[in-house]
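The values are calculated or read from the model by the stated rules, or taken from the named source; none is laboratory data. Just so it is clear, the model here is predicted, and its values are computed rather than measured. Using ideal geometry, Cβ is built from the backbone for each residue, glycine included, and neighbour counts are taken over all protein chains shown. Surface areas here come from the heavy atoms of the whole protein model, side chains and all, with no ligands, DNA or RNA. Shrake-Rupley method; radii C 1.70, N 1.55, O 1.52, S 1.80 Å.
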Amino acid sequence: MSEVTSNLVSPQLDAPVVGRRLWRRVLGNPVGFVTVLLLVLIVAFGVLAPWLAPNDPNLARLELTNAGPFSTDFWLGGDNTGRDILSRLMFATRGTLVAILVVLVVSSLLGGTAGLIAGYFGGRLDDAADWISNVLLALPGIVLLIVLYTVIGPNILLAMAVYGVLISPSYFRLVRSLVQSIRHELYIDAAKVAGLSDRRIVARHVLRAVRGPIIVHSAFVLASAIAVQAALEFLGLGDPTDPSWGRMLQDAFNNIFVNRVAVVWPVLLIGATTLSLVMLGNVIRDALQASASRPTALSPAVVRRLRAEQVSEAEPRSEAGQSDRLPLLRVCDLAIGYPDSTTTVKPVVHGVDLVVERGEIHGLVGESGSGKSQVALSILGILPPEAVILRGAIEFHGEDLLADPRRMREVRGRRIAYVPQEPLSNLDPTFTVGQQLTYGLRAVKDVSRREARQQLLELLDRVGIRNPARVFDLYPHQVSGGMAQRVLIAGALAGDPELIIADEPTTALDVTVQADVLELLRNLQQERELGMVIVTHNFGVVADLCDRVSVMQSGRIVESRSARDLFASPEHEYTRMLLNSSLDGAELRTPLAVGSGA
Amino acid sequence: MNASAGGSASGTPLLSLQDVQVSYPTRGFRSPPLTVLDGISLDICEHETVGLVGESGSGKTTLGRALLGLAPVTGGRVVFGGRDISTLSRAERRRTAKDLQVVFQDPYSSLNPAMTIEDILTEPLLARGEKGGRDIVRRLLDQVHLPQDAGRRLAREFSGGQRQRIAIARALVLDPKLVVCDEPTSALDMSTQARILTLFKEIQETTGVAYLFITHDLAVVRAISHRIAVLLQGKIVELGSAAQVTGDPQHPYTQRLLMAAPVADPVAQRERRVERQRLLERQAERPSEVVDTPR
Amino acid sequence: MLMFIGRKLAAGLVLFIAVTFVTFLLVFSNGEESVRNNLGELATEDQIAQRVNELNLDQPVLVQYVKWLGSLLTGSLGRSFNSGETVTSILATRIPVTLSIIFLALLVTSVLSIAVGVVSAVKGGWVDRSLQFLAGGAAALPSFLVAIALTFLFAIALPIFPATGYVPFGEDPGRWATSLVLPIAALVIHMVANSAQQFRGAMVDALKQDYIRTLRSRGVPERAVVLRHALRNAAAPGLTILSVQTIGLVGGAVLIEQIFALPGVGQFTIRAAIAGDLPSVMGVVVFGTLLVLVVNILADVVNAWINPRVRLS
């Protein structure tokens, strides 16, 4: 039963694809088609046994004892007492079908209902149900079933019903965790506010979402039920008069030195059935999740081909010869794409040019999906693994980092640093603040542990943390968002960088904290003459901090000028539209006339 | 502070919060309950938008949820349409559903991704046993400026701004008197935010619905509200007309909040920065006057 | 931390009592009938009455349970119906066999599934896909089926390993090892397939976290990012998987012992169950439950040690 329970560790919850579309998708998959076909054949093989079986399963013809396959009246040969293996297999299949159906019905009804109720209503009921499920889960299932033989005797259906109870916690946990996560969805709250009763909410919203995962899980439960039934029969705990897969396996196994081939048939049948069920379960699971299709990295060959096909959108570089001093950072004609199939990409950044001088704060503004964060992350070489840089160059002091991944690694953390958006999710929850800062510092500087601690405490003090020694030993979940962001800034400064890439560094913070962090960034920048790229959607932040601004729209920079000019006289239509959306100067609403509403 | 001190709340208010408290029991033996909101008094009239502004942990979302019956009111009264709705059972409350609706912050989680827009929009009607006709759906879609054929598509096919329009349409199905708007624009892009705010105002002018508009963004609340309440650590520290609260804030916290928000203009922002520094120094000199609690 | 361990031990004790109580209730619900079956048709009514009396079977089940629990505290599990030996002494000879199977299988499974999970998650591409495909197949096959297939291939068709039998470690370590290769392989193939898949998922999730990107941005070498940070964060789900696997392993061991004729607890369980040997059956339940509890508590403690949020809350 291990595969049943271990599948519970991470229940997936995506927008469900349901009904006919799902089945079309499953049958469209070659593995899905083959397994469904096999399972249909096996079911037919069992259900039709009384009509199709060539012989009585218990008829013994002594002359055919241990007969080989295909040579006699018994197509698959005879067993150790001269019975027809094929006919016995057919009747055994029938028995297995009934047995696993018992398991399925008992476990899904019991566990599913309990999970639904416990998950939706929570509270004491939930605690109690959860405890019972934990007790059941801690029971070694097969051992208990064997033990129960002393009480119930060779009654396989009753044993399977007990097994159904024993694995009902797997349904319980699955359904409960699904329901719990749905219960916190706002659409459930909206339905409550709209006045829907609990029964209606469960029927409309909850059942819909748990249906898919239950089907998937049932495939695994059926497979495990087959294994358990076969195991019990194999141990001789079933009814000896009924043919069963496990019993046939036992007979054949005990007789293996006399008739090897007889072992093959039950092994094949049990193996094929459980394999088909589990594979089918996996195919259905993939089909359910296909709506949220996971991007997978393209093969290197495809990436090479895509890069070769690129056509530059950049204008010829005119200013290159003019200045003899190299800028701190120059991004040239950078294009980035994400796979949308196994051979093609969807470009999200189309040929971006960007220059950052020493000691300059450069704002990269745009709305969601404009590609601004992609540009920022590519400067550090920390794009997600599936992202493809299609073309372009990222020159740091005139040296192209894209051309040399080793150089990129050397520069990262030492000369270019990163300040992320979400403070708390950017600290590893399993290490103290001090530990992870120390690892970072010692990765880029050759200092002893003690020196590292000293330097970091000074830095933490510098970024405005009041009691650095205490914060050093705290775990991330023990610090506030504002403090975590200061820790991350300290982490970025640890390697004494010349350039900082800050991706929406204040978006997740409260306004009052944001003001302090902006102040800190400005002071640090002046102190250390840092170059900075600030990615943001907030023109207030840009106005506060930036010397130059580049406005991005759908993967392109549409306007790039000094901050003062841009705000005073925006040239591009899109920039004007964005600036006009700002609510700073918005008209106040006329106060309501006294009593007008009454 | 008396609610009527803020100005326009004379006449019979549509909604009246009287000394509302929300607290949750905490786990553990004898540990005291966690009080999220305390002593909240606030009136909202018909046609009126009252903005509720506060930072994370101030309890602003909890206040909205308490109004809607999604968080427990452990003290005080919530008088809506002349009766106390804080003590009603779930079943009794369902009748107030017609008049009290909601638009949530997250347009992704607030619409069931697997349902069609038509199903989503007619859900409130279903609860009342009424049949949801295509006509109603079409009228609503029109009201929030979405194409007529949107009804048969799934929620997940729409962008954030469009989803928020759908959520607004759902709130309007039953012609409510009050809509609680819980950060309805903070997950949206700036340009989308501006358009959605305009939509909110437009709907208010045609239907006379009242809003409790909850947000962390002072600029947003200034643009949409008639009156503004400032929430700090579960208490209202300032309540007044939008012009007064954003033009001449009285409470030190409101002053800080106002000065903290950067302006989208480098010159004005430089001045504001200096002003903020001055304010912080002033407040630091006289800490006794600027305790962060209600006066 | 001590508080944490104390709480886990207390919870474990409650669970132990609950589990043994439920099984006791089931097993002893019809004690007299079991005695009749056990003694066979030749037993006289007197013999049956004497045995019933001896085992307190005529008393209410609750009383029987309390008495049983009392004697358990003194270290006694009663005497086997069949052989008359004390159950503890029988178990003492059999537990080493079963524990060596379980312990070795668990060890090999942990090492292999971490290795496969990490490689699969980090490498991605065709390595990941083929490992996942193999694991998907292997996970579907019950371990006793694998055991039979392995016996067929490596003991009968190609006689490399012994098909059955057990040699104690003290007698001949070499032959001890060869006698355990097939049984453990059969258990491990099934378990690794399962837990490697799960562990890969946990690693993939961990590697997607924001802090991984931030660590990379600080110049932390990729090795350390994967092995120190991602692996540690994937450990919590990994431990859950292993403790669930252990429960399945106890059941799997019973079958494996039967197939390979290993004189462990599993084989003893089946004999006791078929014979209706109630005290032995309860002894096995105690052993199984304790084993599961110990592994679970160990997993919880390791998890708390790794994960400060668990420890400090």
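Things worth noting here:
- 48 Å tail of the calculated P(r), chain A, as % of Cα pairs: 39 percent
- Chain A, relative contact order in percent, only Cα pairs under 8 angstrom and at least six apart counted: 13 percent
- Simple rule: put +1 on each Lys or Arg Cβ and -1 on each Asp or Glu Cβ in region A:18-293, find the dipole, and look at A:LEU137, A:LEU110, A:PHE91; the Cα lying farthest toward the positive end is A:LEU110.
- Dipole of region A:18-293 computed with +1 at Lys/Arg Cβ and -1 at Asp/Glu Cβ about the Cα centre; of A:ALA209, A:ILE270, A:GLY195, farthest Cα towards the positive end is A:GLY195.
- Sorted largest first, extent of region A:392-452 alpha carbons per principal axis (Å): 39, 30, 15
- Rounded to the nearest 10 square angstrom, A:GLU573 shows an accessible area of 140 square angstrom against a 1.4 Å probe.
- A 1.4 Å probe over all protein chains sorts A:ARG442, A:ARG561 by accessible area into A:ARG442, A:ARG561, starting with the largest.
- With the convex hull drawn over the C-alpha atoms of region A:413-546, the volume per residue is 93 Å³.
- Kirkwood analysis of region B:40-116, using all unique Cα-Cα pairs, places the hydrodynamic radius at 14.4 Å.
- Value of D in µm² per second that Stokes-Einstein yields for region A:518-598, Kirkwood Rh from Cα pairs, at 10 °C (1.306 mPa s): 105 µm²/s
- Gyration tensor (alpha-carbon) shape descriptor, region B:178-295, a/c threshold 1.5: oblate
- Viscosity 1.567 mPa s, 4 °C: Kirkwood-radius Stokes-Einstein D of the protein assembly as shown over Cα pairs, µm²/s: 38 µm²/s
- Most mobile listed residue (C:PHE169, C:PHE81, C:PHE260) in chain C, GNM with C-alpha springs under 10 Å: C:PHE169
- Taking every C-alpha pair closer than 8 Å and separated by at least 6 residues, the mean separation divided by the residue count of chain B gives a relative contact order of 23 percent.
- Largest-first ellipsoid semi-axes for region B:206-258, taking √(5λ) over the Cα gyration tensor eigenvalues, angstrom: 20, 12, 10
- Distance from region A:341-374 to region C:260-284 (C-alpha centre basis), Å: 68 Å
- Calculated accessible area for region A:18-293 comes out at 40 Å² per residue, all protein chains present (probe 1.4 Å; ligands, DNA, RNA ignored).
- Projecting the Cα atoms of A:GLY381, A:GLY440, A:PRO347 onto the dipole axis of region A:325-460, where Lys and Arg carry +1 and Asp and Glu carry -1 at the beta carbon, places A:GLY440 farthest toward the positive end.
- Rg/Rh, computed from the Cα trace of region A:18-149 with Rh as the Kirkwood radius, has the value 1.16.
- Only lysines eight or more places from B:LYS201 in sequence, or on another chain, were considered; those with a Cα closer than 24 Å are B:LYS60, B:LYS98, B:LYS177.
- Beta-bridge orientation, the protein assembly as shown: approximately 55 percent antiparallel, per DSSP, counting only bridges with both partners inside.
- Angle in degrees between helix A:433-444 and the longest Cα principal axis of chain A, rounded to the nearest 10: 70 degrees
- Sequence-distant residues sharing a close amide H with B:LEU37 (under 5 Å, placed H): B:VAL22
- Cβ-defined net charge surrounding C:ILE90, 12 Å radius [Lys, Arg +1; Asp, Glu -1]: +1
- When the residues B:SER56, B:SER41 are ordered by accessible surface, computed with a 1.4 Å probe over the protein chains alone, the sequence from largest down reads B:SER56, B:SER41.
- Inter-part distance where region A:226-282 and region A:425-444 are each reduced to a Cα centre, Å: 54 Å
- Prolate is the label for region C:102-275, because the ratio a/c of its alpha-carbon gyration tensor axes (a ≥ b ≥ c) is 1.5 or higher and a/b is greater than b/c.
- Taking all Cα pairs closer than 8 Å and separated by 6 or more residues, the relative contact order of region A:18-293 comes to 24 percent.
- Lys, Arg +1 and Asp, Glu -1 on Cβ, resulting dipole of region A:461-579 about Cα centre, debye, nearest 20: 100 debye
- Estimated [θ] at 222 nm from DSSP helical runs (n ≥ 4, -39500 (n - 2.57)) normalised by residues in the protein assembly as shown, nearest 500: -17500 deg cm²/dmol
- Distance between region B:236-290 and region A:110-180 - C-alpha centres, whole angstrom: 60 Å
- Rounded if a/c under 1.5, otherwise prolate or oblate - chain C, Cα gyration tensor axes: oblate
- Residue-normalised accessible area of region C:197-313, expressed per residue, 1.4 Å probe, Å²: 31 Å²
- Expected-Rg normalisation [2.2 N^0.38 Å, Cα atoms] applied to chain B: 1.05
- Distance histogram for region A:177-296 (every C-alpha pair counted, 10 angstrom bins, percent rounded to whole numbers): 12, 26, 22, 17, 14, 8, 2, 0
- Accessible surface of A:ASP333 - all protein chains present, 1.4 Å probe, nearest 10 Å²: 20 Å²
- Across region A:165-181, rounded Karplus estimates of 3J(HN,Hα) from the backbone phi angles (6.51 cos²θ - 1.76 cosθ + 1.60, θ = phi - 60°) give 5, 4, 9, 4, x, 5, 5, 4, 5, 4, 5, 4, 5, 4, 5, 4, 6 Hz, Gly and Pro being marked x.
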